[in-house]
Amino acid sequence: MINIESYGKKATRNGFGDGLHEIGKSNPDIVALCADLVGSLKMQSFINDFPERFYQVGVAEANMMGIAAGLATSGKIPYTGTFANFSTGRVYDQIRQSIAYSHKNVKICASHAGISLGEDGATHQIMEDIGLMKMLPGMVVINPCDYLQTKRATMAIAEYYGPVYLRFGRPGWPMFTTEDHEFKIGKALQLSEGTDVSIFATGHLVWPAIEAGKKLAQMGISVELINIHTIKPLDEDAILDSVSKTSCVVVAEEHQLLGGLGGSIAQLLAEKLPSPIEFVAARDTFGESGTTNELMKKYRLTDDNVIEAVKKILKRK
């Protein structure tokens, strides 16, 4: 049984802003860059206390990545900030050539990821970013699930040397992790033990998976739920240990089916533990304008869709 409850709502982007401010206090090498979206990235507290370590680049995202690479070369730890669409798709060449290829110590921090940002519409939404970034050699990809986990991830990546893509979102989202939920890059977080099905969820889809797990328990279905906050490097041991018990898998993510967490898990299982698998993800589509709830429902990214996938996989088990 999953006994996790929400203790309020707060956007994951707030976790980034608070984490950046906190780590800035203890590490003078932290510098921040933004492409004209300080308010959206919640970076004002850092700017207020460390104005000499902040660079407002303006609407020039490619230039921001080049500046960040240069700052990293000089020993600084740059955190870049803009929307996920502009943090990846718009500047992929600069990230690949100037950051990833030479393994620069740059932290690419991306708000408004996925489709849940809502009314901003398809031009500002992105559901391909995880695929773009995880394919870059040496790039760490992190997709935290709530405010506190995002704050802790923002602070943890300062201690890791190398390029990191940190993905988070715009809307207020249920907070449910606590100080007992340790955050470690590359280490999955098990939220419940079960025997019938393994659910691997990431980012904003962890909470719907929790809600689905509660409803499934009432149906007599035992769910093992694991929060995969680090998509690369993937916690292969946690995944294989879980599937060896349950023998079937559901993966839930606010991302395209192609190129996301589900693809990474499917590849792992194909190589080491072939098992039936179902996916809760967007299916080869761009987004559109709408409220968060409307879009999550239309693109089939809700707890009901997780339940549907579980029922389907159990018939294939």
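The values are calculated or read from the model by the stated rules, or taken from the named source; none is laboratory data. Bear in mind the structure is a predicted one, so any value in this text is a computation, not a measurement. A quick note on method: Cβ atoms are made from the backbone with ideal geometry, for glycine too, and the neighbour counts reach across all protein chains shown.
Restricting attention to the stretch 78-106, the residues that are touching a Pro at 6+ places or on another chain (Cβ under 7 Å) and either of a type in the set (D, E, K, R) or within 21 Å of Thr202 (Cβ to Cβ) (or both) total 1. Among the residues making up the stretch 86-122, those that are among the polar types (S, T, N, Q), more than 14 Å from the chain's Cα centre (by Cα) and farther than 24 Å from Gly24 by Cα are Gln94, Gln97, Ser98, Ser102.
Here Ser26 passes the criteria (1) within 22 Å of the chain's Cα centre (by Cα); (2) over 27 Å from Ala62 (Cβ atoms); (3) free of Cβ contacts under 8 Å to residues at least 24 places away in the same chain except the one numbered (1). Whether any residue in the stretch 197-212 is in the same structural domain as Ala72 (by TED's automatic domain parsing) and within 30 Å of Leu273 (Cα to Cα) is what I want to check. Checking the stretch 197-212: not a single residue is in the same structural domain as Ala72 (by TED's automatic domain parsing) and within 30 Å of Leu273 (Cα to Cα).
Just one residue in the set Ser98, Ser102, Ser111 is in contact (Cβ under 8 Å) with a residue 60 or more places away in the chain and not acidic (Asp, Glu); that residue is Ser111. Only one of (1) among the β-branched types (Val, Ile, Thr); (2) assigned by TED's automatic domain parsing to the domain that holds Gly169; (3) over 21 Å from Glu159 (Cβ atoms) is not met by Thr80, so which one is it? Every condition holds for Thr80 apart from (3).
Scanning the stretch 123-152 for residues that are of a type in the set (A, V, I, L, M) and more than 12 Å from the chain's Cα centre (by Cα) turns up Ile126, Leu132, Met135, Leu136, Met139, Leu148. Specify which of the listed residues (Val250, Val197, Val223) is at pLDDT 95 or above and out of contact with any Leu (no Cβ under 9 Å at 6 or more places or on another chain). Sole residue among the options that is at pLDDT 95 or above and out of contact with any Leu (no Cβ under 9 Å at 6 or more places or on another chain): Val250. Looking only at the stretch 270-293, count every residue that is surrounded by fewer than 18 Cβ atoms within 10 Å (Cβ to Cβ), at negative phi and touching a residue at least 12 places away in the same chain (Cβ under 8 Å) and tell me the total. Residues flagged as surrounded by fewer than 18 Cβ atoms within 10 Å (Cβ to Cβ), at negative phi and touching a residue at least 12 places away in the same chain (Cβ under 8 Å) within the stretch 270-293 amount to 9. Looking at the stretch 73-114 only, could you name the residues that are of a type in the set (Gly, Ala, Ser) and surrounded by 24 or more Cβ atoms within 10 Å (Cβ to Cβ)? Passing the criteria: Gly81, Ala84, Ser87, Ala110, Ser111, Ala113, Gly114.
Filtered by the rule that a residue be surrounded by fewer than 19 Cβ atoms within 10 Å (Cβ to Cβ) and in a loop (DSSP other than H, G, I, E, B), the stretch 38-61 gives Phe50, Gly58, Val59, Ala60. For the stretch 11-26, the criterion of being at pLDDT below 95 and either touching a Ser or Thr at 6+ places or on another chain (Cβ under 6 Å) or farther than 21 Å from Ala153 by Cβ (or both) is met by no residue.
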